[in-house]
Amino acid sequence: MKAVAITGATSGIGLETARLLAREGFCVLLAGRCAERLSRAKARILSESPSARVACFQADLMQQREVLRAAAEMNAYLDAHCGGRLHALINNAGCVRSWYMTTEEGYEQQFALNHLSGFLLTHKLLPALLKSNGRVIMTGSASHKGIKIRWDDVMLRRRYNPLTAYKQSKLCNILFARGLNDRFAPGLRAYVVDPGLVKTDIGNKETGALVHFIWSLRKRGGVPPEIPAETFAYLCLKEPPPDGLYYYRCREKKYSKEVTRENADRLFALSERLCGLDGGFAAQDERAGAV
Ligand SMILES: NC(=O)c1ccc[n+]([C@@H]2O[C@H](COP(=O)([O-])OP(=O)(O)OC[C@H]3O[C@@H](n4cnc5c(N)ncnc54)[C@H](OP(=O)(O)O)[C@@H]3O)[C@@H](O)[C@H]2O)c1
């Protein structure tokens, strides 16, 4: 049974994707911050797909030590039940903030969860992914267009704008995918899904009254999360793996001109430093090759 790990699998797009992939016969590893919501997600999946194999990993993925613990637990599970192989990792967990808030490391929360957590988790699961010519899929957004990375102040500490921080974190998702492909394709493929506007509660969690109100109105025009879930399933199932980078409704879509090799390399170097990965992804790759 092929395994797929999904972060932010307790609600919205992540939960619908997990339900769909379990129905398709994948072993699903669910990562989320709340044990109770994880149990509910697992029960829901098993009620529809009683023979599915579902495992839960509770972690506040905003905090790097929690990402490291979850990754170690996932690797142990994959070794014990899936031959140490991971077919796909879906870095989907995400948040919206109304003001500047930081993690234990002192990092801006949207940058930390929407980008860095997926970067670090991918690094730790890389041997299992490479072992099965795996796929890494980020949940991006069309909002990544029209901005540049603020290299001199990536956390926007000097002049914080929560919307700019969100958009920048989504640009990071594509730069990270581009950087993964530059380094590992065809041994591993990385993609970004633009889910479109989706009716979820993302803007109603830990946000101020204004953002909460605007999102409550805006999400009414969104599609149900079952719609983007189909694109994740397409990218997990399609053989041979598709060649593109950015997908909307199972089709390639144009992305920002900021997505260059130079910017991807720069983001890799910065993210490695912020995650304390001294040897970088290359060192991990060598270990994977020796497996
Ligand atoms: N909705 C849209 O229109 C839209 C558009 C473009 C992109 N996206 C992206 O889609 C992704 C999923 O969002 P969604 O719309 O489906 O919203 P959602 O239902 O709020 O899903 C977000 C998921 O991330 C989890 N999460 C939040 N903070 C976490 C943390 N610290 N540690 C671990 N997990 C955490 C949430 O857990 P809980 O269940 O505990 O809250 C939830 O499972 C995000 O990356 C978002 O940026 C959404």
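Read-outs throughout are calculated quantities, based only on the coordinates presented, and are distinct from any laboratory measurement. None of the values given here were measured: they were computed from a predicted structure. Every residue, glycine as well, gets a Cβ built from its backbone with ideal geometry; the counts of neighbours run over all protein chains shown.
Taking amide H as placed 1.01 Å from N in the peptide plane, the amide H of residue 198 sits under 5 Å from that of 223, each at least 5 places away or on another chain. Only residues of segment 43-85 count here: report those whose backbone N is under 20 Å from the spot 7 Å along Cα→Cβ of residue 105, or say none. Zone members listed by number: 58-75.
Remark: segment 114-123, residue by residue, has Karplus-estimated 3J(HN,Hα) of 5, 10, 4, 4, x, 4, 6, 5, 4, 4 Hz, where x stands for each Gly or Pro and the curve is 6.51 cos²θ - 1.76 cosθ + 1.60 at θ = phi - 60°.
Result for the chain in a Gaussian network model with C-alpha springs under 10 Å: among 117, 143, 169, the largest mean-square fluctuation is at 143. The distance between label points at residue 43 and residue 80 comes to 2.3 nm (points 7 Å beyond Cα on the Cα→Cβ vector). Comparing mean-square fluctuations of 13, 174, 147 from a GNM of the chain with C-alpha springs under 10 Å, the top value falls on 147.
In sequence order, segment 50-64 has phi-based couplings of x, 8, 5, 9, 10, 10, 10, 9, 8, 6, 7, 6, 6, 9, 5 Hz under the Karplus curve 6.51 cos²θ - 1.76 cosθ + 1.60, θ = phi - 60°, and Gly or Pro positions carry x. By definition, a body whose alpha carbon gyration tensor gives a ≥ b ≥ c is prolate when a/c is 1.5 or more and a/b is larger than b/c, and segment 35-152 fits this prolate description. In percent, what relative contact order does the chain have, based on Cα pairs under 8 Å that are 6 or more apart in sequence? Here the relative contact order equals 18 percent.
Cα convex hull of the chain: how many Å³ per residue? If you can, show how the numbers build up before the last one.
Numbers: hull volume 35.0 nm³, N = 291.
Per-residue hull volume (Cα only) is 120 Å³.
Expressed in nm to one decimal, what extension gain is obtained for the pair residue 258 and residue 213 from 0.36 nm per residue of sequence separation less their Cα-Cα distance?
Values: separation 45, 0.36 × 45 = 16.20 nm, distance 3.17 nm.
My answer for the length gained is 13.0 nm.
The slack in the chain from residue 250 to residue 159, taken as 0.36 nm per residue of separation less the alpha-carbon distance, amounts to 29.0 nm.
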